[in-house]
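Reading through the structure tokens given below for one structure.
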Amino acid sequence: MYNYFNENCYMQYPNQTTHICSNHLQPSINEPSLGYTVSVPINLAKSLEGKYFVGYADNLAFGKGTSAWARLYNPINSGVNLHVTIWTVTDISESAFRAQIWFNTNPPGTPQESTLVTPTNLALCPLPRAKIRLQYATNVEGNPSGGVKAFVRRGQPETTLVDDEQGKFIFPPGGSFLIFLSNPEAPDLLVSGRIAFGWWQEPICK
């Protein structure tokens, strides 16, 4: 047996409408009856504001002398700054791999646009749209040029690389955050994987 209070503040049992507590004050679900202070994680705050997005690039094939990459690119006319929060590299089997993280570099190959992008706050109407582009390329030859190779991570087959940057990597319009995949320890193997990102976009004050 359970009980609950209806909108007229009557406690009810299943299939029963007897008035029991008409004078009893119940907490409102719309207006808080208590004063409180909470600490909201930054990613949740940006999601509530409609600024947080996630997306991924799938089937990133590389090996046999080629590489693959995926990046978050901030278009020159976006009007926002890009804050990178989370990135992952997954679904690479049979081969150890290397992930190079580059800032503001020119990657080899022809960029393709990933459509696998969504806002995280689906309660908003209309839904916010990402101004940041998620781009990728597979089976490319050569290395990125220019920019900064910020750091390198190595992974074993069937392992996941993941890092939570908490928005500390910030890129203005024209900038990019890129993950470059290769398997120099097993150059004869052809493999594929997936790169996913979480980020928010912050309007630039003028």
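What follows draws every value from the coordinates through simple rules; no lab data is involved. Owing to the predicted nature of the structure, the values given are computational and were not obtained by experimental measurement. Cβ: placed from backbone, ideal geometry, glycine included. Neighbour counts: every protein chain shown.
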Requested in this report: For every other residue with a beta carbon closer than 9 angstrom to the beta carbon of residue 88, add +1 if it is Lys or Arg and -1 if Asp or Glu, then tell me the sum.
Outcome: 0
Report task. Just the number, please: Stokes-Einstein D of region 142-206 in µm²/s, Kirkwood Rh from C-alpha pairs, 4 °C, 1.567 mPa s. Result -> 86 µm²/s
**Report entry** Label-point separation, residue 160 to residue 122 (7 Å along Cα→Cβ), nm
**Finding:** 1.9 nm
Query raised in the report: Out of region 26-118, which chymotrypsin sites (Phe, Trp or Tyr not before Pro) are coil in DSSP terms and have no more than 13 other C-beta atoms within 10 Å?
Result: 36
Requested in this report: Show which lysines lie in cross-link reach of residue 149 when reach means a straight Cα distance below 24 angstrom and same-chain residues fewer than eight apart are skipped.
Outcome: 64, 168
Requested in this report: First obtain the Kirkwood hydrodynamic radius of region 49-203 from its Cα pairs, then insert it into the Stokes-Einstein equation at 25 °C and 0.890 mPa s, and state the resulting D in µm² per second as a whole number.
Outcome: 157 µm²/s
Query - Contour excess over end-to-end distance, with Cα ends at residue 202 and residue 151 and 0.36 nm allotted per residue - result: 15.9 nm
Report summary line: For residue 138, the net charge from surrounding residues (Cβ-Cβ under 15 Å; K, R +1; D, E -1) works out to -1
Report summary line: With DSSP loop assignment and no more than 11 other C-beta atoms within 10 Å, the GluC sites (Glu not before Pro) in region 54-147 are 141
Requested in this report: Can you tell me which of 176-185, 118-127 comes out highest on packing, and rank the rest after it, using the mean Cβ neighbours within 10 Å?
Outcome: 176-185, 118-127
Report task. Within the set of other residues whose C-beta is less than 10 Å from the C-beta of residue 98, count the net charge using Lys and Arg as +1 and Asp and Glu as -1. Result -> +1
